[in-house]
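Beneath this line is the structure, given in structure tokens, with notes to follow.
The values are calculated or read from the model by the stated rules, or taken from the named source; none is laboratory data. Predicted model, so just to flag it, every value in this text is computed and none were measured. Here the Cβ is made from the backbone with ideal geometry for all residues, glycine too, and neighbour counts use every protein chain on show.
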Amino acid sequence: MNHSTTASGTQAATGSAAAGVAAGSRERSDPRVVLADRVEQLYSQLPLGIAATAVIGLISALELREGRIIELVAFWGGLLLLVSALHGALYFAYRRSADKLAQGEQWLRWLGIGAFAAGVTWGFGASVFFPSHADERQVFLAFLLSGVMSGGIPVYAASWPIFAAYAAGIAIPFTYVLATFGNRLFAEIALLVPLFYGVSVAIAYRLNRVFHSGYRLRHAYGKLTEDYSVLNQRLELQLVELEEARRQVEASGRKLALFAERAPIAVLEIDPQGIVTAVNHAAELLFGYAAAELIGGHVKRLVVPESHAEFDGHWMRMTETRQPLAGLRIRNPRRDGIALVCEWTVTPLVNPEGDIVSVIAQGQDVTRQIEAERMKKEFTSTLSHELRTPLTSIIGSLQLVNSGVAGELSRDVSELTLVAERNGQRLLDIINDILDIEKIESGTISMAPEVLAIDGLVREAIVLNEGFGERFKVRFEVRGELPGREVYADRKRLLQVMTNLLSNAAKFSPEWGKVEITLEESDANIHVGVHDRGPGIPEEFRSRIFGRFAQADSTASRQKGGTGLGLAIGKRMIELMHGRIGFEDRAGGGTTFWFELPKHPGKEP
């Protein structure tokens, strides 16, 4: 790999990412944050406005006081004081607010109302006091009102609509007074007041634009700085991760080399043409050749001639699909001429362009395993013919003796023969279970599916197992109605599954308890449930409950008897009938075992 090219590519990618972040940040300033800054600016000017109002109001009251209007001046001063106090309360409420960002519009609206109230108060003073004084006081009032209006520009410049409302409250009453005073000069001045108002609003609007642009720019640059900081952190983190990944790859490479060298299975590396390029020590032991003798030769040298065609088929399939092949059993010759049966997993290593660069073959000798499987099948056959047949005869003979055919037995002898019969039957059940599981796993079990009324089969299973339930002092009870629906299944095998579930539920239920059976249907399936009030399934046993010879590791469980094969057989039987089986905890204690089978569509498949 060209590291300089990679580095330059990384830098280019980094630059592009940074440029993208910058461009996005310029266009991405949160309007809510900008509004919150404007509101903050307005409220920060509020104490100054309140103080100025108080000072100017006091000076105005002292200047305008006269005996005949002293009460009116006092009323106006009180009104100005009230508006200032409300502004102060609004200011403190804003400062104590915990969520200024989300409530920006609300705070702006309240400030606008307060500003308009302040303007109206000043306008009220103009409309009342201007006609009541002589010329010099009128000049003072005109100067005062123009100053108050102009002074609102810096206070409310962050929101020109608020300034416009504030100034309108002053200008409208004052313009009305000048226009209706009856003096031509004042009437001409009345024409200039709206012009002065418009110029002031225009100035406030320009200042508002400046403030708004400043806030947006500040947040854009703040966001840009934040994004660059995040980007740098990510790059630093990626560099750390890349360095860690490089160390891990190197460590993994050393581990893999060590594992391959010391692994108990043979490992061969083969090029796309079939030439062996590397082997481990286990491969040398397997074939009896030194590594130097194997490397450089074709892999078909390690396959007996009779299996060459089979090997070619596997190799072609692997090269066409680019997928690993597992469980390939091929006969391989050793150096001493002995042919072994080995099981191989072949994995192609594919580059980004889709070409196979190497093939890893892992194999182990399964000759003894195959021989053990053959011996196991022979043993099963022997168990079936040489053990089950005489055992069946013994059980039959004991049943005849117990029935009184050979004469009445004494009580002690009768008890002994009954024990012998029960244990013989149990042994026969164990043998049948072992034979069933072997047939299922070998795929030789025979199924005879037919259309069955599931409710009738459930009732039959209950009748057949009532004696078993009485033995454990447990009764079987149907809960609810059994819908008359049909399934396509093997009657004998389905009864076997039901018998296993019912007997298990009876064995693990408390004495004088009951096992409930339910039958439900969905759109496509029939659901059969067997509910007990036993101790439940231990957590550590749940994952292997459907395995072969699975029994909970408790004394109470083992005293109940059984081989641990019933649920394993039942699961495979139900799956062969295209259903599924499972269990779940029952509310109030106990367990529900259930299985589902597809409903019969109305005709046999």
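Structure notes:
- When Gly480, Gly484 are checked against the criterion of being assigned to a loop (DSSP other than H, G, I, E, B), loosely packed, with under 14 Cβ neighbours inside 10 Å and in contact with a helix residue (DSSP H, G or I) (Cβ under 6 Å, 6 or more places away or on another chain), a single residue qualifies: Gly484.
- Here Glu353 meets each of (1) more than 22 Å from Pro305 (Cβ to Cβ); (2) touching a Phe, Trp or Tyr at 6+ places or on another chain (Cβ under 9 Å) with one exception, condition (2).
- Taking first residues from the stretch 188-199 that are closer than 17 Å to Gly123 by Cβ and partners that are among the aliphatic types (A, V, I, L, M), the Cβ contacts under 7 Å between residues at least 6 apart in sequence or on separate chains come to Ile189/Leu178; Ala190/Leu178; Ala190/Ala179; Val193/Ala171; Val193/Leu178; Pro194/Ala171; Tyr197/Ala167; Tyr197/Ala171.
- When Val155, Val177 are screened for being in a helix (DSSP H, G or I) and touching a Pro at 6+ places or on another chain (Cβ under 7 Å), only Val177 passes.
- Filter pass, Ala406 being under 30 Å from Ile431 (Cα atoms) and either loosely packed, with under 12 Cβ neighbours inside 10 Å or in contact (Cβ under 8 Å) with a residue 60 or more places away in the chain (or both): yes
- Test: Leu101 is aliphatic (A, V, I, L, M), outside any helix (DSSP H, G or I), touching a helix residue (DSSP H, G or I) at 6+ places or on another chain (Cβ under 9 Å) and modelled with pLDDT under 75: yes
- Verdict on Ala489 being closer than 15 Å to Ile581 by Cβ and in contact with a His (Cβ under 8 Å, 6 or more places away or on another chain): no
- Evaluated against (1) closer than 22 Å to Ala52 by Cβ; (2) in contact with a Lys or Arg (Cβ under 8 Å, 6 or more places away or on another chain), Ala171 falls short on exactly one condition, (2).
- Of all residues in the stretch 470-490, those that are over 16 Å from Glu460 (Cβ atoms) have Cβ atoms under 9 Å from Cβ atoms of residues that are modelled with pLDDT under 90 and surrounded by fewer than 12 Cβ atoms within 10 Å (Cβ to Cβ), 6 or more apart or on another chain, in Tyr488/Pro601; Tyr488/Glu604; Tyr488/Pro605.
- Residue list for the stretch 285-316, filter: more than 49 Å from the chain's Cα centre (by Cα) and among the basic types (Lys, Arg): Arg301
- Residue under evaluation Val458, criteria (1) under 23 Å from Gly590 (Cβ atoms); (2) surrounded by fewer than 16 Cβ atoms within 10 Å (Cβ to Cβ), criterion not met: (2)
- Test: Thr380 is part of a helix (DSSP H, G or I), over 30 Å from Leu340 (Cβ atoms) and not assigned by TED's automatic domain parsing to the domain that holds Gln273: no
- Some residue of the stretch 485-506 being farther than 24 Å from Gly564 by Cβ, within 43 Å of the chain's Cα centre (by Cα), among the polar types (S, T, N, Q) and not assigned by TED's automatic domain parsing to the domain that holds Gln425: no
- Annotation note: of Gln425, Gln323, Gln364, the sole residue that is in contact (Cβ under 8 Å) with a residue 12 or more places away in the chain and part of a helix (DSSP H, G or I) is Gln425.
- Lone qualifier among Gly407, Gly456, Gly467 - being assigned to a loop (DSSP other than H, G, I, E, B) and among the small types (Gly, Ala, Ser): Gly407
To keep it simple, each residue is scored yes or no on (1) of a type in the set (Val, Ile, Thr); (2) out of contact with any helix residue (DSSP H, G or I) (no Cβ under 8 Å at 6 or more places or on another chain).
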position	(1), (2)
Val401	yes, no
Leu428	no, no
Ile431	yes, no
Thr444	yes, yes
Met447	no, no
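- Inter-residue pairs, beta-carbon under 7 Å, first assigned by TED's automatic domain parsing to the domain that holds Phe546 and in the stretch 573-587, second assigned to a helix (DSSP H, G or I), 6+ apart: Met573/Arg493; Met573/Gln496; Met573/Val497; Ile574/Val497; Arg580/Ile574; Ile581/Gly570; Ile581/Lys571; Ile581/Ile574
- Boolean, Asp455 is within 30 Å of Glu373 (Cβ to Cβ), acidic (Asp, Glu) and touching a residue at least 40 places away in the same chain (Cβ under 8 Å): no
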